[in-house]
Every structure is written in structure tokens, then in C-alpha cells.
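What follows is a single structure, written as C-alpha cells, with notes after it.
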Amino acid sequence: MSRKRKETEVFSLSFLDCVCCGFGAVLLLFVLTASRKAEEMDDLQSAIMEIIGEMEDEIAKNDKEIEDRKLTLAYETERAEDSGARLDETKKRHTELDDMLKLLLAQLAAIEEELGKLIDDKENMPKQEEKAPIPIPNPDKRQYLTGFDIMGKQVLFLVEASAGMTADTIVEATEYAEKSEKERRNAPKWKRVKLALRWLIANMKEGGNYKIIFFNKELVPLEVGFGRDWFDPMDNDLTVEVLNAIDDITPEGGANLEKAFAIVNELPIEPDRLVLICDGLPTLADSYGGSNQVMYDDRVAMLRMAQNALDIDLPVNTIMYPLMPDPGSAVHFWRLANASGGSMISPSEGWPDL
């Protein structure tokens, strides 16, 4: 009996394979999908972290701006408080000044009232007419020289008549040196010198006499009338002649103070007061053999020579009309005045106010 062959079940094997393949495919798809999602999650996380970082930077920036504004607010608040304090102080100061002004005005009113009474009293005082020895305008104006003594019996005026007595600066004096004698006699500075002489003569007391010697490189003793060289300030006619003679003097050349002081020793009548009118240190001296170019030290040496030439012990009062630039001259003439018991001044441009 023959055997019956068993048939192979092909279909069942193929289905399982398909099932396995499908499951593998699904599993592979899941793996691929999970990997992609992980990458997307990493990208998303990176983006989120970047946004968070930007937000943190923005927050830090805002915090700094807030702190800066707090500091600014504190500074402005402090300034406002200081301004308020200063304003209060200013108001207080203004109040004090107003009170002080009211007090000063009250005092001024009282002074003006008292002054009015004094003027009335003066006008009501009996007046004695006196003939002035020299016709000087504005006799009521206050014109004086503090500590300047011209009250001697014999007063000698030594007046520098050099080119420097025409102007206040060397440049201007050099320009005047080229002008005519009339223009030099009418130079503003020289006119002030002549007014000073006029004032000094007018303020001399009765019983005194005066003599005037002009000097530059030479000596020009002033003589009027019949050769008279000592003058009575109370003689009005003689004084007018003296003033006219002064107007004829022309400033020129250098200044030899040594020669001027030396002549004092030879005068027949010895003076007891000496008034020197000059513009500064001398520029000439007979006994000084310096260089051709006269410097400041040379002029100081010339002043020492002049002092040595003056043998008579008498006070030297100096009126200086400085020729600039010459800053050291005043000191030397102050020392001369101090050593001799005299005084030294440099008057303002408005003195004397005649």
C-alpha cells in the first residue's frame, strides 16, 4: 500500500514572515521617528534656552537702568535740597542787606542834616576878607599833602626840567623831545609840575621865603626883578612875576641831580627845607664815569653820588612824577626822604585841582 505524501503548507509560512516583516518595519519606523523627535526636542530646547538668555540679558539691562535712574533721582533730589538751602540763605542775606541799607540811609539822612546845619553855621559866621598872595581858582577845595613840610623860613625848590618831565612814558617823552619849545612847555605832565609849584608857593606861610632852581644837564636858578632869587610868597606882584618866569622854562635833556644838590652847599643863604620835584632816578652825574649806555644800576649809582654831594643836613621832601617804566625809583627816594627826615609822594593826575 502506497504512502500518501504530505503536502507543505506554504501559505502559513509566508504569512508569519509578513507579520514579522511588518512588525520590524513598524519598529524601525518607531525608532526613526523617536530619533527625529529627539533632535527636534534638542533644537526646541536650544531655542528656548536662547530666548531665556536674551530675556535674562534684557532683565539685567533693565535692572541697571533702574539703578542708574535711582542714582540720578537721588542726585537730583540732593541738588534740589541744596538749591533750596541756598535759596533760603540768599533770601536771608537779602533781608540782612535790606536792613543794613535802611540803617545806612537813615545814617546818611542824619549826616546830611548835620552837614546842612554846619553849612548854615559857616555861612552865618563873620567873614574876613583877605587878599590871596596868588590868584588860585577854587580856594575852598581840599588840597593838601599829608606830612609834607614846607613851613620853613628858607624853602628851596629844586625842580627837574629834563625831557622826561614832558610825559609819563619814555616813548611819549621821546616824541615830545622832537617837538617845538612851545609844545614842550605845554606838555600835560610839565603843566602839572607848574601847577604843583603854584600850589606850593600859595600854601607857604607869612615870614618864609623861597627860591627855585631848575635843573637838567645844567642849572637854571630862577631870578626876577632886579636879580632877586629869594622871594616873599606874600608879595603878590613878585609872585606873579615868578609864575610868568616859570612858564618860560622849557624841559629838555637829561637830569644831573648831583649838580643840583652840590649847588645847595654854595648858596649864600642856607635853606632849612628842600623840596625836590623830579621824575625818577637821575641820568647824569659829573663824578660818575659809567658806560655810554645808562642802565638802571648806573642811575642808582648816580643818585648815591648826588646824596654824597649834599653836605647840608636838612629834610628832603620829594614830589615824584614817575617816568615809566622805572619801578624802583620810588623806593630810593623814599629811603632818601626817610634818612633826611623828609617825606616822599607821587601825586595823582588830578593833583593839584586848581
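The values are calculated or read from the model by the stated rules, or taken from the named source; none is laboratory data. These numbers were taken from a predicted model, which means no experiment stands behind them. Please note: Cβ atoms are built from the backbone with ideal geometry, for glycine as well, and neighbour counts cover all protein chains shown. Protein only, heavy atoms only, side chains kept; ligands, DNA and RNA dropped before computing areas. Shrake-Rupley method; radii C 1.70, N 1.55, O 1.52, S 1.80 Å.
Here are the numbers for this structure:
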{"quantity": "Number of positions in region 223-234 that are open to solvent by 10 Å² or more (accessible area, probe 1.4 Å) and either at pLDDT 90 or above or part of a strand (DSSP E or B) (or both)", "calculated": "5"}
{"quantity": "Boolean, Phe231 is within 25 Å of Asp286 (Cβ to Cβ) and of a type in the set (Phe, Trp, Tyr)", "calculated": "no"}
{"quantity": "Region 304-353, residues that are touching a residue at least 60 places away in the same chain (Cβ under 8 Å), open to solvent by 40 Å² or more (accessible area, probe 1.4 Å) and among the aliphatic types (A, V, I, L, M)", "calculated": "Met324"}
{"quantity": "Cβ pairs under 7 Å, 6+ apart, first in region 153-176 and within 16 Å of Asp326 (Cα to Cα) and in contact (Cβ under 8 Å) with a residue 12 or more places away in the chain, second among the charged types (D, E, K, R) and assigned to a helix (DSSP H, G or I)", "calculated": "Met165/Lys189; Thr166/Arg184; Thr166/Lys189; Ala167/Lys189; Asp168/Lys189"}
{"quantity": "Selection from region 259-303 of residues that are charged (D, E, K, R), closer than 16 Å to Leu323 by Cα and open to solvent by 20 Å² or more (accessible area, probe 1.4 Å)", "calculated": "Arg299"}
{"quantity": "Sole residue being in contact with a Lys or Arg (Cβ under 8 Å, 6 or more places away or on another chain) and part of a helix (DSSP H, G or I), chosen from Leu156, Leu200, Leu238", "calculated": "Leu238"}
{"quantity": "Verdict on Asn203 being modelled with pLDDT under 95, more than 27 Å from Asn338 (Cα to Cα) and either among the polar types (S, T, N, Q) or open to solvent by less than 20 Å² (accessible area, probe 1.4 Å) (or both)", "calculated": "no"}
{"quantity": "Members of region 295-315 found to be within 19 Å of Ala161 (Cα to Cα), hydrophobic (A, V, I, L, M, F, W, C) and within 32 Å of the chain's Cα centre (by Cα), listed by number", "calculated": "Leu303"}
{"quantity": "Test: residue in region 157-166 that is at pLDDT 85 or above, in contact with an Asp or Glu (Cβ under 6 Å, 6 or more places away or on another chain), among the hydrophobic types (A, V, I, L, M, F, W, C) and open to solvent by less than 100 Å² (accessible area, probe 1.4 Å)", "calculated": "yes"}
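One line per residue, one yes/no per condition, for (1) under 23 Å from Ala262 (Cβ atoms); (2) of a type in the set (Asp, Glu); (3) in contact with a Pro (Cβ under 8 Å, 6 or more places away or on another chain); (4) at pLDDT 90 or above:
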{"residue": "Gly289", "(1), (2), (3), (4)": "yes, no, no, no"}
{"residue": "Val294", "(1), (2), (3), (4)": "yes, no, no, no"}
{"residue": "Gln307", "(1), (2), (3), (4)": "yes, no, no, yes"}
{"residue": "Asn317", "(1), (2), (3), (4)": "yes, no, no, yes"}
{"residue": "Ser348", "(1), (2), (3), (4)": "no, no, no, no"}
